[in-house]
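**Q** Once you've had a glance at the structure underneath, I'll fire off some questions.
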Amino acid sequence: MLRYDVRFWDKANKQMIYGAGISPAQLPIIQHEEDGRIEELQGEFVPMICTGQKAKNGAIWEADVIECDVPAFIVEGMPVSYIKARGVMQFNQRKGCFTVNIFTKQQGMEGAEFTVSNSIVVGCAVSNPELLSVNTNQNEQESTKQSESPTPNENGRKE
């Protein structure tokens, strides 16, 4: 028999519930330690299944935000170069598998399939939606800070 680990995001209490079962209504079922009684929790919950895939810092669950290396340029006969990208782990019903929906502005990457490497779980998209926001001015701001910072003279002092 297959075993699936499920977690739930409790929308009302804004907390993750681990170690619960799942009812036919896709609600969490918990067993009380004191009397062994089983209870189906009521409310609004987002169920998420463990993908069985591993990141450098632990297991990857559905709706996790993943930071990983993705191929940037694939040119025949040349070594592959990689860029860091973020994406959300999602279940693809058409293919029947988990995939990472990568957020990138790189041309030609939409719908591309490749192997993800060096993945790290950054957080959960449901409980931390701010992890998905992209600051388009971030690189511009960093380069402006570097150009505005004083440069060292021949003695090593900044002027």
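**Q** Would you kindly find the accessible area of Lys84, with a 1.4 Å probe and non-protein molecules such as ligands, DNA and RNA excluded, rounding to the nearest 10 Å²?
**A** Solvent-accessible area, nearest 10 Å²: 120 Å².
**Q** With all protein chains present and a 1.4 Å probe, how do Val46, Val65, Val75 order by accessible area, largest first?
**A** Solvent-accessible surface, decreasing: Val75, Val46, Val65.
**Q** Express in Å², to the nearest 10, the accessible area of Ser117 obtained by rolling a 1.4 Å probe over the protein heavy atoms while all chains stay in place.
**A** Its heavy atoms expose roughly 40 Å² to the probe.
**Q** Report the label-to-label distance for Glu44 and Asn118 in nanometres (one decimal), using points 7 Å from each Cα along the Cα→Cβ vector.
**A** 3.9
**Q** Using a 1.4 angstrom probe and counting only protein chains, how large is the accessible area of Asp5 in Å², to 10?
**A** Its accessible surface works out to 60 Å², give or take rounding.
The values are calculated or read from the model by the stated rules, or taken from the named source; none is laboratory data. These numbers come from a predicted model, not from an experiment. Heads up, the Cβs are rebuilt from the backbone with ideal geometry, glycines too, and the neighbour counts pull from every protein chain shown. For accessibility, only protein heavy atoms count, side chains too; no ligands or nucleic acids. Shrake-Rupley method; radii C 1.70, N 1.55, O 1.52, S 1.80 Å.
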